[in-house]
Amino acid sequence: MGQPLKASPLIEVLCEFRFAPSSAWDWTLPGRLYERIGKEFSERSQVNQFLFQIQEEADNSESSPQIINVPQRIQLKRPDETALVQVSPNILVVNHLPPYPLWENFRDLIGKIFSEYINLCENFNLSGIGLRYINQIPISPEGFDLSQFITLKPNLTGVLDRSLSSFHQRYDLAYESLKAVLIHQTGITETQEGEFAIILDLDFDSQEVDGLKNITEIQKWLDEAHHHLSEAFIASLNPEYYQRLKEGNIKL
């Protein structure tokens, strides 16, 4: 985000479209979408959720609880797993993992998938849209100063001014021009490799989307959202650390 970085902390970017329940949707839609984009997103899988159900018998007594396996979402992946499309009732998500392409390439991919999706619906009523960037900043297990990496450091004083073993903070920042909110979250997480990292999660989201009636208007919204996310990303980082990312010099 911003200028090209030789060492990018980005681990995932995604765009989520939410549709009103009145929109045409059924479980045949993921299969029909696969027919249109399966040449690129050829790996198909299903993520299930388990629900407990208690049925009432004819004598008004309750039967034993039953566990029902219910499809939650369908995932369509590229063979190299760099990108995937997720479809669930009234939700469409386009994800991209590293290596991340230029913004224009990802925006065009979002537009392509969205266009294919709405062409399969007799009508659609968009109720929300979000663009989200998740960054992971490695930190030393031997101790670290948050201010070396991020600008939003918890301001603890007095007896609370101690070393942090973990933290999580969230700010919801209003953007009136787009009737949107930037959900800005930072915290410490443990990676799959057992190492520690700072998560910088930037989610630009709007539920007031009456003006987004076609792909041109949606791509304009995405460009503006990306601009604000880029500004927030740079403002969230220590300037010296940001310079190190641009140069590729991030050794701990």
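Read the figures in this text as sums done on the coordinates, not as results from a lab. Since this is a predicted model, take the numbers as computed values, not measurements. Please note: Cβ atoms are built from the backbone with ideal geometry, for glycine as well, and neighbour counts cover all protein chains shown.
So here's what we get for this one:
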{"read-out": "Gain in span if fully extended, Asp108 to Thr82, counting 0.36 nm per residue against the direct Cα distance", "value": "7.8 nm"}
{"read-out": "Of every Cα-Cα pair in segment 126-251, the percent that sits beyond 24 Å", "value": "39 percent"}
{"read-out": "Ratio of Rg to Rh over the chain (Cα coordinates, Kirkwood Rh, two decimals)", "value": "1.04"}
{"read-out": "Set of lysines with alpha-carbon distance to Lys246 below 21 Å, sequence-local pairs under 8 removed", "value": "Lys6"}
{"read-out": "DSSP loop trypsin sites (Lys or Arg not before Pro) with at most 11 other Cβ within 10 Å: longest gap in the chain", "value": "40-161"}
{"read-out": "Loop-resident sites, segment 181-245, for GluC sites (Glu not before Pro), counting at most 16 other Cβ within 10 Å (DSSP)", "value": "Glu193, Glu195, Glu208"}
{"read-out": "Listed residues Ala235, Ala83, Ala180, most fluctuating in the chain (Gaussian network, C-alpha, under 10 Å)", "value": "Ala235"}
{"read-out": "Selection from Tyr117, Leu178, Pro154 lying farthest towards where the dipole of segment 90-196 points positive, charges on Cβ", "value": "Leu178"}
{"read-out": "Only Lys, Arg (+1) and Asp, Glu (-1) charged, at Cβ; the chain dipole about Cα centre in debye", "value": "700 debye"}
{"read-out": "Ratio of the Cα radius of gyration of segment 110-187 to 2.2 N^0.38 Å, where N counts its residues", "value": "1.71"}
{"read-out": "Whichever lysines have a C-alpha closer than 26 Å to that of Lys179, once near sequence neighbours (fewer than 8 apart) are set aside", "value": "Lys112, Lys213, Lys220"}
{"read-out": "Segment 1-47, Cα convex hull volume normalised per residue, Å³", "value": "171 Å³"}
{"read-out": "Formal net charge of residues neighbouring Arg36 (Cβ-Cβ distance under 14 Å; K, R +1; D, E -1)", "value": "+1"}
{"read-out": "Estimated FRET transfer efficiency when R0 is 35 angstrom, pair Asp161-Glu193 (beta carbons, to 0.05)", "value": "0.70"}
{"read-out": "Stretchable slack from Asn249 to Gln169, in nm (0.36 nm times residue separation minus alpha-carbon distance)", "value": "26.1 nm"}
